Amino acid sequence: MIVKMKFFTESAARCAARIGTLSEIERMPDLIFETPLLLIYTKRGCVPHLTKDVLKMVTTEQQFLSVSLPSTITMAEFVKQTPSFTDFVSMQEYPTFLSINDPAETTTSGHQEKHSISIWAKHGRHILSPDSYMDIVETFKPDMYVALCDGDTDEKSSAKRISKSIERSKTQLETCLLRHNSSNTIKSKGILGAIEGGYNLHARERCINYLKDKTLLGYVIDGLHKNGPQVQKINTDQIRNVIEHTINLLPTDKLRVSMGSWNPATLVDLIDMGVDVFDSSYAYLATEKATALTFLCDHQPTDNHHTSYVISVAEDKYADDFTPICKSCECLACQKYTRAYLHHLCHCKELLLLVLLMIHNTHYYLQFFKTIRKHIKEGTFKEFQKKIHLIYDKKEES
Amino acid sequence: MYLHSAYGLWNFMCFGLKYDKLCDKYPDYEKNNIQMSEKRPALIFKVITECQTTKARVGKMTVPHHTVDTPVFMPVGTKGTLKGILPEQLKQLNCQIILGNTYHLGTKPGIDILQKAGGLHKFMNWDRALLTDSGGFQMVSLLKFAEINEQGVKFISPYDDSECMLTPEYSIKIQNTIGADIIMQLDDVIKTTTTGTRVEEAMHRTTRWLDRCLSTHQKPNEQSIFPIMQGGLNAELRSESGLQLTQRKVNGYAIGGLSGGESKDDFWKMVNVSTNILPKDKPRYLMGVGFAVDLIVCSALGVDMFDCVFPTRTARFGCALVLTGQLNLKQGQYGNDTAPIDEFCNCSTCKTYSRAYLHQIVTMETVGCHLLSVHNIAFQMRLMQNIRESIKKGEFPQFVQQFMLKVYPTKEYPSWIVDALQAVNIYLA
């Protein structure tokens, strides 16, 4: 009998923060992941700046990785020589979720055709039909993936563009599902359907009505943004209507995924509306800007006049600051290294800066999710959500 | 064995000569020596095993932060970091001592910050041994308008065009603040291939600067100043330099002025001359040498310490060290190569990743660079460990022969290697 990946939640509420479990991953039948879950962002098969032995210094717990096509599609012909993508990149012990677009890179718009979509790798454009996409899926063998979709919409998209994105995603899903169910290599993997429709509630509804009858592990709430750093600027107010409307139409027993570098305040709101899975591109983008996340730290007196959300280690005030990024953080970077050292590395443009910041930021974001799950379980999530907003909204004012 | 005993005699004669000269020139030498030795030394060097054929030896060098097994290769961590590798990883690689560059550290973060941090060890979270250079080499190689006079190295600051002077005193002051276990005297650096009176001038000046360094040194119980032997490619001058330096109370010696574009023939001969003169009971550090065959030949010639930026620099360009040279993993031929860089290497990179995957990420992801750096450092560490073990087992000559055969399977050995090894009684047939 084929084991199929399962999502389970006891929560019956439609649009509220909830705890769930992801289990029965074919390759790792003993693993159980709790949601809300943070997928660790990877690029070209690795967590940026962290070799596998360093990643294991960040966390010894089992992690789920997010993999996206733009940075990996050119590997496909070589991955064919090995059993799967994780074998090729030597991440066998980690389950993976394959997404179409890279959540950390702004998606190049346009070039979507009736029967194909375009993705942009480092060396140019790749045209993906549902069949060529499924060939890649069969080669990569991700544990969970999204059916090919046209998510090229955001708040500015026209009704015509939205309508096209829905129609195309629909036909693409048909082919993907057909291939999925008839393939022995991937039929036990988790397949998700993408909900498109931009910011148009009717379009979302149309899309969901179609998806409802399909046998899917869950849904990716797609088409809200075009990825990259801009996503950090999106406030909950801008998306609340469309998210609430969408989730209220979804069955409660299916997984809900939202990719992108949501800021922590928007993220806790998305969790509050019932989204289950995210990726850590936010922590990666913070690292690339030479910043360290501090929004959960007990702030020192020197910071009182300006409670920081992140610290930017390039700033001169850190040149002789021999304290860690965050005194209460237990990551390697905070246990052994000072802000002054990070400042020095930053000014020398040394690679170790990005290693240490990525260690901290990834560890920090994983802790953030642990804290979120704890608060949901203990019924204190609303207070925690408020606390995060208090810190973040202060930053917005300054 | 004939050559070996001749070497012993030469060494003996040299020592006699050295001691006479030194007592003539410096009547207080003996007294000073005794006074200094009453304090706990900042460096203890013990020769554990001497090779019975060559001048190679295995030693243990104890400095305040660590005991280092010699012969040792020291990776270079120029600015208080080793190219994206965590100190935790370096320890896993069994790295016992690393280098920092005084010129760079004195510029950034600067001595104020290093002072406040309590030294470089604390600043960079490295609790094993550290060595810093004097800064002189960078002055001369990096700065356009460096000019050397008796006072020191005069240069135009690249930051504000003002005139600055690096003196022996200032170099030691910075190095005292950095706090490395071993520090270098400021030497009068000349181009390796320089000939004529300038070589002699630099050699004598280097000795004068050594005395200034020693007298200004603030932490003789925590840090050891190594003098730097000069003399260019002139054996007589080099011997003279050695004689002058060995008259000073120091814990070890550096062999300078080599590995700068001279012929390999000149190179090994000068190393050989240098180790003949330097006392056997002190560590000898050959600056700027790091290629595998060079490490083996120079270990056979009696060198104990090496440093080179090459293993980490070449990693940044996508190259992995192997016995026969290096693999440029950017090349298309590795795209389908599922083998590790080196199937006999037990580093985390070779245990985990294929050449095919490394091909995908080198020069694209920083992780690619880190993985190659880990492998390349592991390669150097393993080589040195193999050298030490073969000396201990009394099998060093065989090890050298086998190694050279692997590198040159057709036995077309470069003549300098044949000659250098022959000088220490190893014959490549």
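Relative to the Cα centre, the charge distribution of region B:69-307, modelled as +1 at Lys and Arg Cβ and -1 at Asp and Glu Cβ, gives a dipole magnitude of about 380 debye.
Taking one quarter of the surface of the convex hull spanned by the alpha-carbon atoms of the protein assembly as shown gives a direction-averaged projected area of 38.9 nm². The listed residues B:THR366, A:THR106, once ranked by accessible area (1.4 Å probe) with the largest placed first, stand as A:THR106, B:THR366.
A simple rule links phi to the HN-Hα coupling: the Karplus curve 6.51 cos²θ - 1.76 cosθ + 1.60 with θ = phi - 60°, which for region A:86-97 gives 5, 5, 4, 8, 6, 10, 3, 7, 10, x, 10, 10 Hz, with x for Gly and Pro. Just to confirm the filter: which trypsin sites (Lys or Arg not before Pro) across region A:304-398 are DSSP coil and have at most 16 other Cβ within 10 angstrom of their Cβ? Answer by residue number: A:LYS327, A:LYS349. In the assembled protein chains, B:HIS359 presents an accessible area of approximately 40 Å² (probe radius 1.4 Å). Within chain B, the longest run free of GluC sites (Glu not before Pro) that sit in a DSSP loop with at most 11 other Cβ atoms within 10 Å is B:151-342.
Principal semi-axes of the equivalent ellipsoid, √(5λ) from the alpha carbon gyration tensor of region A:143-193, are 27, 11, 5 Å from largest down. A helix-only calculation puts the protein assembly as shown at -12500 deg cm²/dmol for mean residue ellipticity at 222 nm, using -39500 (n - 2.57) for each DSSP H run of at least four residues, averaged over all residues.
For chain B, the equivalent ellipsoid derived from the Cα gyration tensor has semi-axes of 33, 28, 20 Å, listed largest first. Extension gain, A:SER11-A:THR60: 0.36 nm per intervening residue step, less the Cα-Cα distance, totals 14.7 nm. Straight-distance candidates among the lysines for linking to A:LYS374, with alpha-carbon spacing under 18 Å and chain neighbours fewer than 8 residues away dropped: A:LYS382, A:LYS386, A:LYS387. What FRET efficiency comes out for B:LEU428 versus B:ASN94 if R0 is 45 angstrom and r is the Cβ-Cβ distance? Round to the nearest 0.05. So, using R0 = 45 Å, E works out to roughly 0.90. Computed over region A:6-286, the P(r) tail beyond 22 angstrom holds 54 percent of alpha carbon pairs.
Using a cut-off of 15 Å between beta-carbons, work out the net charge of the residues near A:LYS187 (Lys and Arg +1, Asp and Glu -1, A:LYS187 not included). Charge balance near A:LYS187 sits at +3. Using the Cα coordinates of region B:69-307, the gyration tensor eigenvalues translate into equivalent-ellipsoid semi-axes of 26, 23, 17 Å, sorted from longest to shortest.
Within the shell of other residues whose beta carbon sits under 11 angstrom from the beta carbon of A:ASP152, the net charge comes to 0, with Lys and Arg scored +1 and Asp and Glu -1.
Take every Cα pair under 8 Å in chain B that's 6+ residues apart, average their separations, divide by the length, and report that relative contact order as a whole percent. Computed value for chain B: 17 percent relative contact order.
Using a/c under 1.5 as the rounded threshold, could you call region A:290-392 rounded, prolate or oblate? The axes a ≥ b ≥ c are square roots of the C-alpha gyration tensor eigenvalues, and prolate needs a/b larger than b/c, oblate otherwise. Prolate. Cβ-Cβ distance of B:LYS46 and A:LYS317, R₀ of 35 Å, FRET efficiency by 1/(1 + (r/R0)^6): the value works out to about 0.15. Antiparallel beta bridges, as assigned by DSSP with both residues in the protein assembly as shown, represent about 50 percent of the total such bridges. Counting only Cβ charges, +1 for Lys and Arg and -1 for Asp and Glu, the dipole size of region A:246-359 around its Cα centre is about 180 debye.
Once divided by 2.2 N^0.38 Å, the Cα radius of gyration of region A:129-224 becomes 1.06. Scanning chain A for cysteines with no neighbouring cysteine C-beta under 4.7 angstrom from their C-beta gives A:CYS15, A:CYS46, A:CYS149, A:CYS176, A:CYS207, A:CYS331, A:CYS346, A:CYS348. Amide H neighbours of A:LEU255 under 5 Å, counting only residues 5+ apart in sequence or on other chains, H built in-plane at 1.01 Å? For A:LEU255, the qualifying residues are A:GLY218, A:TYR219.
Full extension of the segment from A:GLU34 to A:ALA159, taken as 0.36 nm per residue of separation minus the current Cα-Cα distance, would add 41.3 nm. Using alpha carbons only, how many degrees (0 to 90, rounded to 10) separate the axis of helix A:159-182 from the longest principal axis of chain A? Taking the Cα atoms of chain A, the angle to A:159-182 is about 70 degrees.
Per residue, the convex hull spanned by the alpha carbons of region B:314-397 comes to 86 Å³. Per-residue 3J(HN,Hα) values for region A:55-67, derived from phi via the Karplus relation 6.51 cos²θ - 1.76 cosθ + 1.60 with θ = phi - 60°, read 4, 6, 7, 6, 8, 9, 7, 5, 10, 10, 9, 9, 10 Hz in sequence order (x marks Gly and Pro).
Restriction of the trypsin sites (Lys or Arg not before Pro) in region A:157-250 to DSSP coil positions whose beta-carbon has at most 16 other beta-carbons within 10 angstrom yields A:LYS187, A:LYS212, A:LYS214. For region B:154-257, a crude dipole built from +1 on the beta carbon of Lys and Arg and -1 on the beta carbon of Asp and Glu, taken about the Cα centre, is about 240 debye to the nearest 20.
Note on region A:87-185: Cα-Cα pairs beyond 17 Å make up 56% of the total pair count. When chain B is treated as a GNM, springs tying every alpha-carbon pair under 10 Å, which of B:LEU99, B:LEU323, B:LEU243 comes out with the largest mean-square fluctuation? Largest GNM mean-square fluctuation: B:LEU323.
Mean separation of Cα pairs under 8 Å and 6 or more residues apart, divided by the residue count, gives region A:62-202 a relative contact order of 24 percent.
Simple rule: put +1 on each Lys or Arg Cβ and -1 on each Asp or Glu Cβ in chain B, find the dipole, and look at B:PRO283, B:GLY135, B:GLY59; the Cα lying farthest toward the positive end is B:GLY59.
Tell me, what is the FRET efficiency for B:THR324 and A:HIS115 to the nearest 0.05, using R0 = 45 angstrom and their Cβ-Cβ distance as r? Efficiency computed from Cβ-Cβ geometry: 0.30. Protein heavy-atom surface of chain B, 1.4 angstrom probe: 52% of the accessible area is carbon and sulfur, with nucleic acids and ligands not counted. Contact order for region A:290-392, expressed relative to its length and based on alpha carbon pairs under 8 Å spaced 6+ residues apart, stands at 28 percent.
Along the axis of the charge dipole computed for region A:6-286 (Cβ charges of +1 for Lys and Arg, -1 for Asp and Glu, origin at the Cα centre), the listed residues A:VAL79, A:PRO264, A:ALA13 are led at the positive end by A:VAL79. Computed over region B:258-318, the percent of Cα pairs more than 17 Å apart is 39. In units of the rule-of-thumb radius 2.2 N^0.38 Å, region B:230-384 shows an alpha carbon radius of gyration of 1.26.
Positive contributions from Lys and Arg (+1) and negative ones from Asp and Glu (-1), summed over other residues with Cβ under 13 Å from the Cβ of A:ILE119, come out at -2. In chain B, which helices (entire DSSP H runs) extend 30 Å or more along their own long axis, judged by Cα positions, while averaging at least 0.0 on the Kyte-Doolittle scale? Long hydrophobic helices here: B:366-392.
The values are calculated or read from the model by the stated rules, or taken from the named source; none is laboratory data. Since the model is a prediction, treat every value here as computed from it, not as a measurement. All Cβ positions, even for glycine, are placed from backbone atoms using ideal geometry, and neighbour counts span all protein chains on display. The accessibility values were calculated without ligands, DNA or RNA, using every heavy atom of the protein model including side chains. Shrake-Rupley method; radii C 1.70, N 1.55, O 1.52, S 1.80 Å.
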